[in-house]
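Here's the structure, in structure tokens; my notes come after.
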Amino acid sequence: MAWGELGLLRWLRESRQSRKLILLIVFIALLLDNMLLTVVVPIIPSYLYSIEHQKNATEIQTAKPNVPSATMDNFQSIFSYYDNSTMLTGNESDKTEPAELHQTQTEPMAVRVTPSPSDCPKDDKELLNENVRVGLLFASKATVQLMTNPFIGPLTNRIGYQIPLFAGFCIMFVSTIMFAFSGSYALLFIARSLQGVGSSCSSVAGMGLLATVYTDDEERGNAMGIALGGLAMGVLVGPPFGSVMYEFVGKSSPFLVLAALALFDGAVQLLVLQPSRTQAESQKGTPLLTLLKDPYIIIAAGSICFANMAIAMLEPALPIWMMETMCSKKWQLGVAFLPASISYLIGTNLFGILAHKIGRWLCALLGMLIVGISILCVPFAKNIYGLIAPTFGVGFAIGMVDSSMMPIMGYLVDLRHVSVYGSVYAIADVAFCMGFAIG
């Protein structure tokens, strides 16, 4: 027993110096963040539509039709064929014309025959109006993250990366549990906004930590390509995982699985990183405003922003458009994003290595051109199979841009400023969030 404990302690001591385990922690953190980001994409539009539909159906069923009064009005007067006289039995002023009676009796029946949520909801005004609500819900995460990032970057320069990374895990866990058990739009909005704070902590601290432990430019590019592979895998697994679990198990099930993954990541962080206040950076980092005045950093950040704006436009709009024009089932709403996710995974891992050899700026330029062409082809799809090629192109191109620009942000700081990375990756994350908030 004692030998086993000593072996475990020795392994933990060695692990704290291991760059691979730190890479694993950042990989899982980005995987969790982006699975939670995308798992809601097929669930929320369908779930909100079903909530509204169920609410309207309940109101219709509980409303009492005014049939008795119409029936009573029908017998206000009785005509006697015996002596050709009319006998008044009610208030003559409340006469009901036959057309009005027919309308009163048939209106409730016409309202009851509303299509169920499983029917094709073409020309459904509720579905069309829902586009705005879903878009605002999805954008809330990016907007909150956008406001949080400028504070997280300088904070990591002061207290280190471990505490913000662990704080990000805690907030993401709470957000995931809220998603699992929220039954209203307001609670879902709060959960999504809270996710933005946790995501800011995880992504800024995680990328800064990797830039610190991988000092060589080529190694840093490879490591960030692997870490972005976690982001890509989250984007890859999220939509189909969410749609299939929602269809066959229930709304809460995918979020409970993600909560378990978050607990695992938190346990690894506690064992390996031991989050605590570390000594401040030996060098004072370049001020955030100075970095924002650097034209190269702004161009790199702009590339990240505009490339990710494409997928941000598709996330809220594509499922609703598919429901309206293709009569798609719930599981298809998430599977439609599968080509983009697979190609993003390929793009980040492939160009994490290739971009260093052929030029990162050139890769980013080609990626943005492919994004533009692919996104223009999406509206021409007539069914789910027609979406495969354009969404594959979008995902692959965004993978090219992200895997090229993320390492170059650290390289620009090394080359033109002081090698402290919290603020520059806060700028990169702000650019990423602006793409999602605007898109």
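No value in this document is a laboratory result; all are computed from the given coordinates. Everything quoted here is computed from the prediction, not taken from an experiment. Heads up, the Cβs are rebuilt from the backbone with ideal geometry, glycines too, and the neighbour counts pull from every protein chain shown.
Just a few scattered comments:
- Sorting Glu315, Glu247 by the number of Cβ atoms found within 10 Å of their own Cβ, with the fewest placed first, yields Glu247, Glu315.
- Percent RCO, i.e. relative contact order, over region 163-227, from Cα pairs under 8 Å lying at least 6 residues apart: 36 percent
- Rounded to two decimals, the Cα-based Rg/Rh of region 145-199, with Kirkwood Rh, is 1.07.
- Remark: region 293-435 is approximated by an ellipsoid whose semi-axes, taken from the C-alpha gyration tensor as √(5λ), come to 32, 15, 12 Å, largest first.
- Across region 342-439, Cα pairs under 8 Å and at least six residues apart give a relative contact order of 36 percent.
- Averaging 1/r over each pair of different alpha-carbon atoms in region 133-263 and inverting the result gives 15.9 Å, the Kirkwood hydrodynamic radius.
- Ranked His417, His356, criterion: other C-beta atoms within 10 Å, fewest first: His417, His356
- Total charge dipole magnitude, region 132-272, about the Cα centre, Cβ charges on Lys, Arg, Asp, Glu only, Debye to nearest 20: 580 debye
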